[in-house]
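Heads up, the thing below is written out as C-alpha cells.
The values are calculated or read from the model by the stated rules, or taken from the named source; none is laboratory data. All values reported here derive from a predicted model rather than from experimental measurement. As a convention, Cβ positions derive from the backbone with ideal geometry for all residues, glycine included, and neighbour counts pool all protein chains shown.
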Amino acid sequence: MPGKFCKSCGRGPLLEQFSCRGCPPQSSETSYDLCFECSWNCAREAHTSKWGGDHAFQLFRLRRLCDHCDQEIKTDFLMCTACRQDGGCYDLCLSCVLGRDGVERHKAMTSHEHVFRQVLISTFIPAKSAQPFDTHERWWCNICGQELTAAFFHCQGCGTGSSGFDMCISCADQGGLFRHGVAPIHQFLHVTPTFTPPPNPPQAFPASPGGFVHTNKPPMYDHMPPGNSGYYESM
C-alpha cells in the first residue's frame, strides 16, 4: 500500500493517519486521510460536518517499534511531539515509559524541550459535536465571505469581534484550517451560534422643545464583512 498524505496539510507519507470510512477505502489511492496534527485541530469535525455522520474516522498505522527497547508497539504509547514537528519520530511503549525511565532518558539526550503525548489505540474516532454559544451578532467566513448561520470554526488565537478569524465548514474541509498560516499554534473551536433577539429597534420619543426628535438606536455590531455596515437585522 503506497504511503498516505494528509488531505488537509499535505504532510506525508504518514506513519499513522485517520482515514474516513465513508470515503473510498483506506486501501484506495483516493482515500481521505488526515495526519494527527490536523485531526486534533478540527479537520475531522470539518469533514464529518460537511459530508454526514457516515464519514467517521478510523485510526490506521504502520508497524512501529519503541525507540527505547526496539520492540513492536501493540498498545497505547507515548509520542514525542517535538521530534514529530522536527520531521522525525520518537515513540515509547508503556513498558519503557513506566518501568525503564524512557521519557527521562530521551529528554536527557536532547537539547530542547520535548513533550510527550499519549496516543490511544481506538477503532473509530468520533468527531466532536459543535458547541452552541449564544449571540445576537452576525458572523462571516473570513475566507469565502458567506454569512455563518450554522456550525463553523473560530480561531482561538486571533481574538474576538472584528479582529477575530472564523471559517465555514466547506472552507475548513478544503484545507482552510491548515492554510490559516499559524497552525499548529492557533487552535480552532467547533461552534454553532444560537441567535437571540436583537436589542429593541430604534424608538422615537416626543420632540424636544427645540423641535429635535430623539431615538434610542441599537449599537453597531462586529463581524461584518469589509465595507458592509449597518444595524443588525433579525435573522
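Is it the case, given these coordinates, that THR160 is modelled with pLDDT under 75 and closer than 21 Å to THR194 by Cα?
yes
If you go through the range 133-175 and keep only what is of a type in the set (A, V, I, L, M), closer than 29 Å to ARG11 by Cβ and either touching a residue at least 40 places away in the same chain (Cβ under 8 Å) or loosely packed, with under 13 Cβ neighbours inside 10 Å (or both), you end up with LEU148, ALA151, ILE169, ALA172.
State whether one or more residues within the range 88-95 are free of Cβ contacts under 8 Å to residues at least 24 places away in the same chain and surrounded by fewer than 19 Cβ atoms within 10 Å (Cβ to Cβ). Yes; the residues of the range 88-95 include at least one that is free of Cβ contacts under 8 Å to residues at least 24 places away in the same chain and surrounded by fewer than 19 Cβ atoms within 10 Å (Cβ to Cβ).
All of ARG11, ARG44 fail the test of being of a type in the set (Lys, Arg) and either modelled with pLDDT under 80 or assigned to a loop (DSSP other than H, G, I, E, B) (or both), apart from ARG11.
For the range 27-66, what are the residues that are among the basic types (Lys, Arg) and touching a residue at least 40 places away in the same chain (Cβ under 8 Å)? Selection gives ARG44, LYS50, ARG61, ARG64.
Do you know which of the residues in the range 1-49 that are within 20 Å of TYR90 (Cα to Cα) and among the basic types (Lys, Arg) is nearest to the chain's Cα centre (by Cα)? Filtering the range 1-49 for residues that are within 20 Å of TYR90 (Cα to Cα) and among the basic types (Lys, Arg), the one nearest to the chain's Cα centre (by Cα) comes out as ARG11.
Within the range 177-193, residues that are farther than 16 Å from HIS47 by Cβ and modelled with pLDDT of 85 or more sit with their Cβ atoms under 8 Å from residues that are buried (at least 18 other Cβ atoms within 10 Å of the Cβ) and among the aliphatic types (A, V, I, L, M), at 6+ positions apart or across chains, in these pairs: VAL191/ALA130; VAL191/ALA151; THR192/ALA130; THR192/ALA151; PRO193/LEU148.
Scanning the range 14-41 for residues that are part of a loop (DSSP other than H, G, I, E, B), under 24 Å from ASP166 (Cβ atoms) and among the hydrophobic types (A, V, I, L, M, F, W, C) turns up CYS35, TRP40.
Of the residues making up the range 5-20, just one is out of contact with any Cys (no Cβ under 9 Å at 6 or more places or on another chain), buried (at least 17 other Cβ atoms within 10 Å of the Cβ) and of a type outside the set (Ser, Thr, Tyr), namely CYS20.
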